[in-house]
Amino acid sequence: MDEINTTAPGKLSLYREPVADRVAKRNPEFMERLESAVLEVNNNQHVADDSVEAVIEGKLGIHEGMMALGRASTSLKVLAQVRNKAMNAYNEVMRMQV
């Protein structure tokens, strides 16, 4: 019986890129996540502003305008809670005795 192709020792992966590169793509740094969240909240705020103008001009229905406002409000509240949790964690670390 012929032997199956042998591979180099180490982790086997079905992907062609190294495991470290895939992990880096999958788990971005906290700062990168925070920056993208801030940009997304900012974008939602701009969309909400534009939708209010469109509702006033009659180009958009009131329902769609209210949905955009709700989405912007919710994303801002979530970002504020993340900021509060991060500040609480920072203050807790600063209170630790070395």
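Taken together, the values in this text are just the output of simple stated rules run on the coordinates, not laboratory data. Since we're looking at a predicted model, the values are computed, not measured.
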Quiz item: By its C-alpha gyration tensor, with a ≥ b ≥ c as the square roots of the eigenvalues, how is region 27-86 shaped: rounded for a/c under 1.5, else prolate for a/b larger than b/c, else oblate?
Solution: prolate
Quiz item: Quick one: Karplus J couplings for region 41-53, per residue in order, coefficients 6.51, -1.76, 1.60, θ = phi - 60°, nearest Hz, x for Gly and Pro?
Solution: 5, 4, 4, 4, 5, 5, 4, 5, 4, 5, 5, 5, 4
Quiz prompt | Per-selection metrics, region 57-98 (Cα): Rg and Dmax in Å | solution = 18.4, 62
